[in-house]
Amino acid sequence: MPLALLALAISAFGIGTTEFVMMGLLPNVADDLGTSVPTAGYLVSAYALGVVIGAPLLTALGSRVPRKRMLVLLMAVFTVGNLASALAPGYGTLVAGRVLAGLPHGAFFGVGAVVAARLVAEGRQARAVATMFLGLTVANIVGVPAATLLGQHLGWRATFLVVTAIGLVAMGALALLVPKLPLEHQGGLGHELRALGNRQVLLGLLTAVFGFAGVFAVYSYLASMMTEVTGFAETSVTVVLALFGIGMTLGALVAGPLTDRALRPTLYGSLTALALVLVAFHFTVHNKWAALVTVVVLGAVGFMTTTPLQMLVMAKARHAPTLASASNHSAFNLANAGGAWLGGVAIAAGWGWTSPTLVGAALAAVGLAIAAIAGLLDRGPGEPRVIAGAPAGASPVERLVGERAP
């Protein structure tokens with residue numbers, strides 16, 4: 001494994017920690033700031049909306065910046081945002097800090113995915129991207145539970161100070177380990193935007209919005225569900241979050257090789273499994289052991305969707321993959337915001353703490369339907385297909401789309 005992938009994974013670890021830790025800290029933040037848990041849940045949406053705004057904006061502004069420098073600059077913005085969150089005097093300023101911390105998220109993973117794919121041999125691009133995403137999954141095993149525990153004992157502000165330190169370490173790792181890659185010829189912002197207009201790219205982004213919203217409709221309120229319904233003590237929430245992270249890691253490890261072999265079947269299978277597991281969770285949440293097993297499986301099938309969707313939009317964008325790759329993370333975090341909002345609406349409507357599971361299952365089913373429609377349209381004569389093989393000597397993008405670039 002190239003050491004540059006380690007630097008990308010460390011950065012992803014920091015990003016994943018600050019993105020997901022708010023779910024475990026919602027009760028603490030709500031108590032400290034004198035608001036309700038559903039209202040505090042909008043802090044999850046604030047970060048996600050920062051990603052949605054920042055991914056296309058910062059990617060466009062940095063289109064002429066060398067990849068390595070761009071990664072370091074994006075991580076610097078992330079670090080400042082977390083410091084602002086730690087020092088926020090009230091709810092409004094904390095919302096602003098969360099938006100700022102989220103701004104570089106999509107652009108970082110968009111640029112990082114392209115860099116990761118360029119660092120490895122042909123036929124291993126999905127595994128390289130999945131390796132970077134392992135930082136997100138490890139964050140849920142170690143970073144989020146540890147940061148949640150820290151926040152419960154020393155206050156949620158201490159959590160964001162620690163994430164600030166992680167951001168500084170990540171900046172150093174990127175500066176030391178990522179090689180200087182030549183800035184390939186690009187057709188400008190108009191060229192990138194035209195790539196986003198590809199029908200398959202748009203359908204891939206829509207699949208991410210609806211499919212992954214099913215995960216966040218539940219995960220945003222997992223801590224409260226475990227304490228209010230399952231009967232776990234607040235101190236046990238860190239264990240539950242770690243189990244979710246273990247599931248995510250297993251999903252990422254499996255998704256890379258499967259995506260390299262069969263992209264669309266991996267996507268269909270993961271979305272189908274996600275919808276079924278969310279329905280099952282509606283019932284298993286009432287039993288401690290069954291709930292814990294379901295949390296692991298939910299993390300696995302939920303995160304299995306990320307790698308095939310990432311590779312799909314990069315392949316279909318063809319010669320302008322960076323903005324499409326970054327926009328995919330806008331889609332994921334629009335799913336984050338929408339899922340958290342819809343889950344909160346269901347709870348606030350008096351449907352109970354378990355209602356987000358059924359909301360999530362419905363969203364995952366919609367994502368599966370969109371993916372299936374995209375797959376059927378991809379068989380048409382006007383669309384290049386995503387296939388496992390390509391002629392010897394083909395470029396990474398050619399291998400993904402299965403045909404020679406003009």
TODO: Name the residue, out of 290, 369, 146, whose mean-square fluctuation peaks in a Gaussian network model built on the chain with Cα pairs under 10 Å.
DONE: 290
Open item on the list: Taking the full set of protein chains and a 1.4 angstrom probe, give the accessible area of residue 157 in square angstrom, rounded to the nearest 10.
Closed with: 80 Å²
TODO: Could you work out how far helix 355-377 tilts from the main Cα principal axis of the chain, as a 0 to 90 degree angle to the nearest 10?
DONE: 10 degrees
Task: Under 20 Å from the Cα of residue 68 - lysines, other chains or at least 8 residues apart - done: 180
TODO: Report, in degrees rounded to the nearest 10, the 0 to 90 angle that the Cα long axis of helix 91-118 makes with the longest principal axis of the chain.
DONE: 30 degrees
Task: Cα-based helix-to-principal-axis angle, 321-348 vs the chain, degrees rounded to 10 - done: 20 degrees
Task: Three-way shape call for the stretch 25-142 based on the alpha-carbon gyration tensor, with the a/c threshold at 1.5 - done: prolate
TODO: Please name which of 101, 114, 54 has its Cα lying farthest along the dipole of the stretch 1-144 towards the positive end, using unit charges on Cβ (Lys, Arg +1; Asp, Glu -1) and the Cα centre as origin.
DONE: 114
Open item on the list: Could you identify which residue out of 253, 61, 358 has the top mean-square fluctuation in a GNM of the chain using Cα springs shorter than 10 Å?
Closed with: 61
Task: Accessible surface, the chain, averaged per residue in Å² (probe 1.4 Å) - done: 36 Å²
- [ ] At q = 0.06, 0.14, 0.15 Å⁻¹, work out log10 I(q)/I(0) for the chain with the Debye formula, treating every Cα as an identical point scatterer and leaving solvent out; two decimals please.
- [x] -0.21, -1.19, -1.36
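Give me the dipole magnitude in Debye, nearest 20, for the chain about the Cα centre, with unit charges on the beta carbon: positive for Lys and Arg, negative for Asp and Glu. Present the calculation step by step, with values, prior to reporting the outcome.
Values: 21 positive and 13 negative charges, 213 e Å.
It comes to approximately 1020 debye.
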Open item on the list: Counting only Cα atoms, I'd like the Rg/Rh figure for the stretch 67-115, Kirkwood definition for Rh.
Closed with: 1.09
Task: the chain: most fluctuating residue of 215, 345, 52 per GNM, C-alpha cutoff 10 Å - done: 345
Task: Residues of the stretch 267-288 with amide N under 11 Å of a point placed 7 Å along Cα→Cβ from residue 377 - done: none
- [ ] Find how much the distance from residue 293 to residue 65 grows on full extension, using 0.36 nm per residue of separation minus their present alpha carbon separation; answer in nm with one decimal.
- [x] 77.6 nm
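The values are calculated or read from the model by the stated rules, or taken from the named source; none is laboratory data. Everything numeric in this text was worked out from a predicted model, so none of it was measured. Cβ sites come from the backbone with ideal geometry, for glycine too, and all protein chains shown count toward neighbours. Just the protein is used for accessible areas: all its heavy atoms, side chains included, with ligands, DNA and RNA removed. Shrake-Rupley method; radii C 1.70, N 1.55, O 1.52, S 1.80 Å.
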